[in-house]
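These notes concern the structure reproduced below.
The values are calculated or read from the model by the stated rules, or taken from the named source; none is laboratory data. Here the structure is a predicted model, which means the values were calculated and not measured. When we count neighbours, we look across all protein chains shown, and the Cβ atoms used for this are built from the backbone with ideal geometry, even at glycine. Note: accessible area is taken over every heavy atom of the protein model, side chains too, but ligands, DNA and RNA are not part of it. Shrake-Rupley method; radii C 1.70, N 1.55, O 1.52, S 1.80 Å.
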Amino acid sequence: MSTHFDDIERQARALPLKEKAALARLLIEELDQSVDANAEQLWIEEAQRRHDAYLRGELEALPGDDVMAEARNRIK
């Protein structure tokens with residue numbers, strides 16, 4: 001890699017965690033041109049639908065650690 005790249009990488013690694021996350025998101029969005037412009041809004045609507053169903057007693061809450069463990073098991 002170029003010296004310029006190495007400088008940028010060093011600066012990026014020195015950023016606070018929130019700024020690193022923001023930078024990563026911007027770079028990923030720039031690289032992934034296939035992203036549906038409405039995808040974020042659709043996920044917000046889905047989250048709201050699930051939250052409303054939970055409040056109505058139609059869905060149960062599960063511990064996050066259990067959900068993540070199940071997800072990891074499914075992709076093995």
What shape does the chain take by its C-alpha gyration tensor, where a ≥ b ≥ c are the square roots of the eigenvalues and a/c under 1.5 counts as rounded, a/b above b/c as prolate, and the rest as oblate?
prolate
Report Glu30's accessible area, 1.4 Å probe, all protein chains in place, as a number in Å² to the nearest 10.
130 Å²
Rounded, prolate or oblate, given the Cα gyration tensor of the stretch 17-59, with a/c below 1.5 counting as rounded?
oblate
Could you work out [θ]222 nm for the chain from helices alone, using -39500 (n - 2.57) per DSSP H run of at least four and dividing by all its residues? Round to the nearest 500 deg cm²/dmol.
-22500 deg cm²/dmol
Considering only the other residues whose Cβ falls under 15 Å of the Cβ of Met68, what net charge follows from Lys and Arg at +1 and Asp and Glu at -1?
0
When all protein chains stay in place, what accessible area (Å², nearest 10, 1.4 Å probe) is found for Asp65?
130 Å²
If you line up the long axis of helix 3-13 against the longest principal axis of the chain, both from Cα atoms, how many degrees apart are they, to the nearest 10?
40 degrees
Nearest 20 debye, what's the magnitude of the dipole of the stretch 12-72 about its Cα centre given +1 on Lys and Arg Cβ and -1 on Asp and Glu Cβ?
320 debye
Rounded to the nearest 10 degrees, what's the angle between the helix 39-55 long axis and the longest principal axis of the chain, both from Cα atoms, 0 to 90?
30 degrees
Could you check the simple spin-label distance between Phe5 and Asn73, using points 7 Å along Cα→Cβ, in nm with one decimal?
4.1 nm
Roughly how tilted is helix 64-74, in degrees to the nearest 10 and between 0 and 90, from the longest Cα axis of the chain?
80 degrees
